[in-house]
Amino acid sequence: MSESFTIAPQIPASPDGFRVEIDAARERADIILDRPPLNIIVMPQRDQLRAAFEALNADARVRVIVLRAIGEHFSSGGDIKGFLEASPEHVAKLAWNVAAPARCAKPVIAANRGYCFGVGFELSLACDFRLASETCLYALPEQRLGQIPGSGGSARLQKMVGLARTKDIVMRSRRISGRQAFDWGVATDCVADNKLEAATDALVDELRSFAPLAQRTAKKLLNDTEDAMLSTAIELEGHCYSRLRMSEDFREGVEAFHAKRKPVFKGR
């Protein structure tokens with residue numbers, strides 16, 4: 001009788017244009033774009049980024065994932081020449097690769113400064129939280145190339161800011177500042193450039209303080225019900241609530257509340 005084995009996803013051995021750092025003591029992993037000065041994202045890198053997110057999602061040491069970059073700019077976008085050289089089959093997978101942060105069960109934070117254009121913006125939109133510095137400029141500039149966003153950018157943006165504002169950004173290749181992105185609900189917060197790392201650290205530590213199972217459940221529920229009817233979303237929320245009610249973490253949370261102590265969550 002043959003046995004089946006599940007092969008755990010692996011971080012790419014030689015990442016192209018980025019690196020991964022894991023701080024097990026802080027239950028944190030950083031995916032760091034590292035192709036200065038503009039951190040251009042080339043075609044092979046997109047598939048490697050997907051693999052990195054999948055590996056970190058399966059890593060028990062990691063509670064929160066941060067996507068950030070080296071230098072003054074998060075990313076000016078993709079390698080333009082690469083689009084002409086890539087096969088149609090490869091291009092068809094781009095949106096799946098860029099959606100990797102959304103598929104992660106764990107919280108994912110994008111720390112954005114400087115240029116955050118094209119696929120850099122699309123990757124950030126697929127994250128759960130976007131922290132923007134006051135130097136940040138977001139844009140989907142594909143119209144200037146005779147194209148449209150191809151990795152979920154316009155679709156995700158429309159869910160966040162509505163049709164009129166999305167047309168303004170996409171059809172005019174308009175740049176919006178980190179402050180405007182915050183005002184429109186695209187960015188979670190906008191901070192001074194020299195405070196971006198501190199704001200990211202604080203959000204990581206805040207997210208780590210909550211029950212892992214409840215956080216994973218909340219993320220999946222919100223993602224799954226984004227397009228659902230209100231009655232359907234409420235029904236699914238009730239099922240998730242009922243399931244969590246049987247968890248050890250919920251019991252711990254209730255007992256800690258009554259004992260006026262800090263809960264110790266274990267993710268089960």
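The values are calculated or read from the model by the stated rules, or taken from the named source; none is laboratory data. Remember, it's a predicted structure, so these values are computed and weren't measured experimentally. Because the Cβ atoms are built from the backbone with ideal geometry, glycine has one as well, and the counts that use them run over all protein chains shown.
Laid out as a table, the results:
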{"item": "One residue from GLY162, GLY150 being touching a residue at least 40 places away in the same chain (Cβ under 8 Å) and over 30 Å from ARG63 (Cβ atoms)", "result": "GLY150"}
{"item": "Complete set of residues in the stretch 139-165 that are over 15 Å from the mean Cα position of the chain (by Cα) and under 26 Å from ALA192 (Cα atoms)", "result": "ALA139, LEU140, PRO141, VAL161, ARG165"}
{"item": "Test: residue in the stretch 81-88 that is among the hydroxyl-bearing types (Ser, Thr, Tyr), surrounded by fewer than 24 Cβ atoms within 10 Å (Cβ to Cβ), assigned by TED's automatic domain parsing to the domain that holds ARG179 and in contact with a helix residue (DSSP H, G or I) (Cβ under 6 Å, 6 or more places away or on another chain)", "result": "no"}
{"item": "Sole exception among (1) modelled with pLDDT under 95; (2) not in a loop (DSSP other than H, G, I, E, B) for PRO12, by number", "result": "(2)"}
{"item": "Residue in the stretch 205-217 that is touching a residue at least 40 places away in the same chain (Cβ under 8 Å) and in a loop (DSSP other than H, G, I, E, B) present", "result": "yes"}
{"item": "Those residues of the stretch 20-46 which are assigned to a loop (DSSP other than H, G, I, E, B) and closer than 21 Å to CYS116 by Cβ, in sequence order", "result": "ASP34, ARG35, PRO36, PRO37, LEU38, ASN39, ILE40, VAL42"}
{"item": "Sole exception among (1) of a type outside the set (Lys, Arg); (2) outside any loop (DSSP other than H, G, I, E, B); (3) crowded, with 18+ Cβ neighbours inside 10 Å for VAL186, by number", "result": "(2)"}
{"item": "Considering residues of the stretch 176-203 that are closer than 19 Å to ALA29 by Cβ and free of Cβ contacts under 8 Å to residues at least 24 places away in the same chain only, the residue farthest from the chain's Cα centre (by Cα)", "result": "ALA198"}
{"item": "Subset tally (residues that are modelled with pLDDT under 95 and either outside the structural domain of ASN112 (by TED's automatic domain parsing) or of a type in the set (D, E, K, R) (or both)) for the stretch 62-80", "result": "1"}
{"item": "Positions within the stretch 253-268 being free of Cβ contacts under 8 Å to residues at least 24 places away in the same chain and either surrounded by 13 or more Cβ atoms within 10 Å (Cβ to Cβ) or touching a Cys at 6+ places or on another chain (Cβ under 6 Å) (or both), in sequence order", "result": "ALA256"}
{"item": "Unmet criterion (only one of (1) surrounded by fewer than 17 Cβ atoms within 10 Å (Cβ to Cβ); (2) touching a strand residue (DSSP E or B) at 6+ places or on another chain (Cβ under 8 Å)) for TYR115", "result": "(1)"}
